[in-house]
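Data block below; observations after.
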């Protein structure tokens with residue numbers, strides 16, 4: 001428990017930091033693709049982890065006096081070292097502060113010039129920042145959006161398929177490890193497709209969450225009353241779609257807060273923090289192992305959360321439209337003032 005605490009403490013900034021860095025380098029029409037690739041890389045790790053677990057159990061179980069699950073920790077440790085070193089040496093920072101040796105001075109300048117201007121930089125802490133965050137719709141709306149979105153992943157993120165397959169008694173240990181990899185594979189496809197779509201249609205990223213709210217409700221309904229075993233497979237694999245919510249939520253938040261770096265950082269970190277806080281008790285309450293193999297309460301919770309996700313998505317869409325209208329009015333007013341100044345100058 002102590003080790004897990006410190007692991008979580010030290011890795012907490014990684015996910016949020018990467019999301020913020022992605023938002024610092026890419027335009028609104030590019031951020032969805034890059035976030036999708038980042039999300040998919042994690043899913044690919046989960047996919048190959050299942051395959052690796054099966055191989056380790058088959059080939060290393062009992063070797064050197066270690067059980068297969070112990071060998072998994074040894075191999076994970078060895079894999080982590082070069083990845084950590086690569087991140088430490090190559091992480092690019094932001095366009096304005098990067099010292100990455102693989103970027104030329106011209107490339108750094110291009111990275112800055114191609115992006116929309118940031119009106120408020122990071123690094124200035126005070127009550128002004130608190131007011132900008134707390135009284136902004138983005139903080140409240142996106143926190144609730146990701147609380148709802150992340151908690152529709154429960155079939156996929158709680159090893160539900162593994163527990164169900166094991167409970168049937170019809171599958172070997174290797175199959176219990178291999179078959180759930182299909183969820184991650186399906187999630188990768190859905191994440192990439194929706195990420196690309198969100199960049200193609202940046203004003204309507206909410207479309208993706210409407211789709212995900214329906215897939216959550218459908219997977220919950222199938223698990224609640226499955227007509228056969230195939231229906232359960234469909235429900236559990238379909239739930240892999242919900243991983244795409246991570247891509248859309250953080251791309252959307254990055255996009256609509258990009259003019260204020262400090263607020264963007266707090267909004268993104270708050271989305272992650274509050275979603276994890278709710279996830280902890282939500283998974284224990286509705287998706288614990290004692291409810292296997294049917295998860296009746298979990299099925300009801302999945303349907304409810306899918307409906308809630310739909311409502312929050314519509315609210316975010318309406319608030320985005322209001323923000324766009326306000327920004328258009330500000331730009332229009334500025335243009336009028338400039339015309340007046342030019343006329344006076346000519347006179």
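For segment 130-246, report the % of Cα-Cα distances exceeding 19 Å.
Details: 3588 of 6786 pairs.
The share of Cα pairs beyond 19 Å in segment 130-246 comes to 53 percent.
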Checklist line | Tilt relative to the chain, helix 28-59 - C-alpha long axis, 0 to 90 degrees, to 10 | finding: 20 degrees
Margin query: Using Stokes-Einstein with the Kirkwood hydrodynamic radius over Cα pairs, what translational diffusion coefficient do you get for the chain at 20 °C and a viscosity of 1.002 mPa s, in µm²/s rounded to a whole number?
Written below: 96 µm²/s
Margin query: Along the Cα→Cβ direction, 7 angstrom out, place labels at residue 234 and residue 193. What is the inter-label distance in nm?
Written below: 1.6 nm
Check: Taking the Cα atoms only, what angle lies between the long axis of helix 229-238 and the longest principal axis of the chain, rounded to 10 degrees?
Finding: 30 degrees
Notebook entry, point to check: Against the longest principal axis of the chain, how steep is helix 68-90, in degrees 0 to 90 to the nearest 10, with axes from Cα atoms?
Noted result: 20 degrees
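Given Cα positions, please report Rg to Rh for segment 275-333, the hydrodynamic radius being the Kirkwood one. List each step's numbers first, then the result.
Details: Rg = 18.8 Å, Rh = 14.2 Å.
We get a ratio of 1.32 for segment 275-333.
Per DSSP H run of at least 4 residues, take -39500 (n - 2.57); add these up for the chain, divide by its residues and hand me the 222 nm value, nearest 500 deg cm²/dmol. Could the numbers behind the result be given before it?
Details: 15 runs with 268 residues, N = 347.
Value at 222 nm, helices only, nearest 500: -26000 deg cm²/dmol.
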Notebook entry, point to check: Among 259-267, 95-103, what's the highest-first ranking by average C-beta atoms within 10 angstrom per residue?
Noted result: 259-267, 95-103
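How would you rank 291-303, 244-256, 4-16, 150-162, highest first, on the average number of other Cβ atoms within 10 Å across their residues?
Values: 291-303: 18.5, 244-256: 27.6, 4-16: 11.0, 150-162: 23.2.
Averaged packing, sorted descending, gives the order 244-256, 150-162, 291-303, 4-16.
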Checklist line | Length released on extending from residue 14 to residue 59, taking residue separation times 0.36 nm less the Cα-Cα span | finding: 12.9 nm
Notebook entry, point to check: Separation of segment 243-300 and segment 176-236 by C-alpha centroid, Å?
Noted result: 16 Å
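Please give the per residue volume of the convex hull enclosing the alpha carbon atoms of segment 241-281, rounded to a whole number of Å³. List each step's numbers first, then the result.
Working: hull volume 2.1 nm³, N = 41.
With only Cα atoms used, segment 241-281 gives 52 Å³ per residue.
Need the full-extension length gain, residue 284 to residue 113, defined as separation in residues times 0.36 nm minus the C-alpha distance. One decimal, nm. Could the numbers behind the result be given before it?
Numbers: separation 171, 0.36 × 171 = 61.56 nm, distance 4.77 nm.
So the extension gain works out to 56.8 nm.
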Next item on the list: Stick to the Cα atoms of segment 21-112, pair each with every other, and give me the Kirkwood hydrodynamic radius in Å at one decimal.
Entry: 16.3 Å
Next item on the list: Provide the gained length on full extension for the span residue 6 to residue 207, in nm with one decimal, where the gain is 0.36 nm per separating residue minus the Cα-Cα distance.
Entry: 68.5 nm
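Could you please tell me the mean projected area of the C-alpha convex hull for segment 178-314, averaged over all directions and given in square nanometres to one decimal?
Spelled out: convex hull of the Cα atoms, projected over all directions, averaged, 8.9 nm².
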Item checked: Debye intensity ratio in log₁₀ form over the Cα atoms of segment 76-191, taken at each q of 0.09, 0.11, 0.14, 0.18 Å⁻¹ -> -0.57, -0.80, -1.03, -1.10
Notebook entry, point to check: Ranked highest first by the average count of other Cβ atoms within 10 Å around their residues, in what order do 55-65, 269-279 fall?
Noted result: 269-279, 55-65
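Where a number appears in this text, it was derived from the coordinates with a stated rule and is not lab data. All values reported here derive from a predicted model rather than from experimental measurement. Every residue, glycine as well, gets a Cβ built from its backbone with ideal geometry; the counts of neighbours run over all protein chains shown.
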